[in-house]
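The values are calculated or read from the model by the stated rules, or taken from the named source; none is laboratory data. Please read all numbers here as calculations on a predicted model, not as lab measurements. Note: ideal-geometry Cβ built from the backbone for every residue, glycine included; neighbour counts use all protein chains shown. What goes into the accessible areas is simple: the full protein's heavy atoms, side chains included, and nothing from ligands, DNA or RNA. Shrake-Rupley method; radii C 1.70, N 1.55, O 1.52, S 1.80 Å.
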Amino acid sequence: MPPIESPSRKPSETVKLRTRIADRGEGLGFETVRFVALEDESTDAAFAAAKTQLRNWLADGRHGEMTWMADTFERRTHPKSLWPDAQSAIVVGHNYGPDYDPLARIQQSQRGAISAYAKRRDYHDVLKGRLKVLAGEIAAWTGKPVKVFVDTAPLMEKVLASVAGLGWQGKHTNLVSRDFGSWLFLGTILSAADSIATSPAVDDACGHCRRCLDVCPTDAFPAPYQLDARRCIAYLTIEHKGHIPHQFREAIGNRVFGCDDCLAVCPWNKFAVRSQEAKYAISEACDDPPLQDLLALDDAAFRKRFAGTPIKRTGRDRFVRNVAIAAGNSQDASLIPMLEALATDMPPLVRAAAVWALSRFVTNGLLDPGHFTAMRDRQSATETDATVRAEWTTGLSPATEPGTSP
């Protein structure tokens, strides 16, 4: 059913307004600009389905520690629940397509693989500044108030983007575009103007493909179009504040911030193009640095190195926790002295990961079990954290414990 045009404007005026907004958005650097009428049957149906899916996802606990998802559930269920005066949404896509193969980077075990989106200036800052410019002009053209959103409010932007026709939510739950593959940042302007009709939607074109599901190292997809965040490497290395469960540590490999695997294997990436946005140029400091450089970071050095990037939001301790796990997976024996130093680091989060990494070197015959045991005995007198003590205790299997016969 086609959307109903506002009685306050003629169809030709609506087309002119949409064209004006789209042209201005593209002039500001957005590769695609689309529209959603919020009081529309197709929009309501899409958000009703998303509400059911979100409720089930939360009930199953698949949001992990992201308690804000449950706390803001009702506000997420429809844009008008967030802002009752909203009548229209303008959804933009900003291409951040990388010029390298993210899957190749996870083979370089002595380097810390960082997700493509995080290797550059924080997209929140780039998008929000330009969206505010566009929003201000829309407000002037329509005489109605607007609000700007970039991934920091309880707004289901991927649902809006799907309704608007930017793409569709693929089996990995992320947006897929026919023109840009998996590499689009999303931003939204909600407007109280009711004169902007919905853009044509596009069909789900995943077909029988399941590459994104099969490539996941931790089996984070219990079914197509379903994600268990508790098993997702992106969640574990960015959002998860505690110790990463043992069952996922080896699978993390050298990924120290996020994971691009399910995005990178999508066949629609064959149409993706490298981002031309100068502000998304990859920072050398973030371009999969050597693990030895990252293990050496104290809080001040961490803040300086990652200033202005999404990585800084995670904080030094969680990040170095991830790096220590990557070091244990690297089996680069030159990192052992740095891990020994981190085994006495102030935050237990880092100490525990460093001890686990050292135990991996013992298991693989690159560190003398006796040396590990001597370290454990020295630390046991002063170690106050139960998790770290457990790592020291379980770090040696019976087969590697000194004096144990095979």
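Descriptive notes on the structure:
- Scanning region 181-213 for residues that are of a type in the set (D, E, K, R) and touching a residue at least 40 places away in the same chain (Cβ under 8 Å), we see that the one that is most open to solvent (accessible area, probe 1.4 Å) is ARG211.
- Selection within region 275-308: residues that are open to solvent by less than 10 Å² (accessible area, probe 1.4 Å) and touching a Ser or Thr at 6+ places or on another chain (Cβ under 9 Å). The member of this set that is farthest from LYS119 (Cα to Cα) is LEU291.
- Top-ranked residue of region 16-41 - restricted to ones that are surrounded by 15 or more Cβ atoms within 10 Å (Cβ to Cβ) and assigned to a helix (DSSP H, G or I), ranked as farthest from the chain's Cα centre (by Cα): LEU17
- Residues of region 218-240 that are open to solvent by 50 Å² or more (accessible area, probe 1.4 Å) and either in a loop (DSSP other than H, G, I, E, B) or polar (S, T, N, Q) (or both): ASP219, PRO222, PRO224, TYR225, GLN226.
- Residues that are within 22 Å of ALA45 (Cβ to Cβ) and part of a loop (DSSP other than H, G, I, E, B) were ranked within region 162-194; the one that is farthest from the chain's Cα centre (by Cα) is ASP194.
Residues checked against (1) part of a helix (DSSP H, G or I); (2) acidic (Asp, Glu); (3) within 18 Å of VAL350 (Cα to Cα):
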position: ALA251; (1), (2), (3): yes, no, no
position: ARG274; (1), (2), (3): no, no, no
position: LYS279; (1), (2), (3): yes, no, no
position: ALA285; (1), (2), (3): yes, no, no
position: ASP288; (1), (2), (3): no, yes, no
position: LEU294; (1), (2), (3): yes, no, yes
position: LEU297; (1), (2), (3): no, no, yes
position: ALA300; (1), (2), (3): yes, no, yes
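Listed here are the residues, each with its yes/no results for (1) closer than 20 Å to SER283 by Cα; (2) within 23 Å of the chain's Cα centre (by Cα).
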| residue | (1), (2) |
| --- | --- |
| ASN95 | yes, yes |
| LYS119 | yes, yes |
| ASP122 | yes, yes |
| LEU131 | no, yes |
| VAL146 | no, no |
| ALA153 | no, yes |
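- Scanning region 69-98 for residues that are out of contact with any Ser or Thr (no Cβ under 8 Å at 6 or more places or on another chain) and loosely packed, with under 15 Cβ neighbours inside 10 Å gives ASP71, PRO84, ASP85.
- Applying the condition of being aliphatic (A, V, I, L, M) and over 17 Å from LEU339 (Cβ atoms) to region 370-390 and asking which residue is least open to solvent (accessible area, probe 1.4 Å) yields ALA390.
- Here is the figure for region 256-277: residues that are touching a Lys or Arg at 6+ places or on another chain (Cβ under 9 Å) and among the charged types (D, E, K, R) total 3.
- Any hit, region 111-120, residues being farther than 23 Å from TYR235 by Cβ and in contact (Cβ under 8 Å) with a residue 60 or more places away in the chain: no
Here's the yes/no breakdown for (1) closer than 15 Å to GLY25 by Cα; (2) open to solvent by 10 Å² or more (accessible area, probe 1.4 Å); (3) in contact (Cβ under 8 Å) with a residue 60 or more places away in the chain:
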position: ALA139; (1), (2), (3): yes, yes, no
position: THR142; (1), (2), (3): no, yes, yes
position: ALA153; (1), (2), (3): no, yes, yes
position: VAL159; (1), (2), (3): no, yes, yes
position: SER162; (1), (2), (3): no, yes, yes
position: GLY170; (1), (2), (3): no, no, yes
position: SER177; (1), (2), (3): no, no, yes
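- Per the listing LEU396, LEU367, the residue uniquely open to solvent by less than 30 Å² (accessible area, probe 1.4 Å), at pLDDT below 95 and among the hydrophobic types (A, V, I, L, M, F, W, C) is LEU396.
- Only one of the numbered conditions (1) among the hydroxyl-bearing types (Ser, Thr, Tyr); (2) outside any helix (DSSP H, G or I); (3) buried (at least 17 other Cβ atoms within 10 Å of the Cβ) is violated by SER359, and that is (2).
- Residue tally, condition of a type in the set (Asp, Glu) and out of contact with any strand residue (DSSP E or B) (no Cβ under 9 Å at 6 or more places or on another chain), over region 11-31: 1
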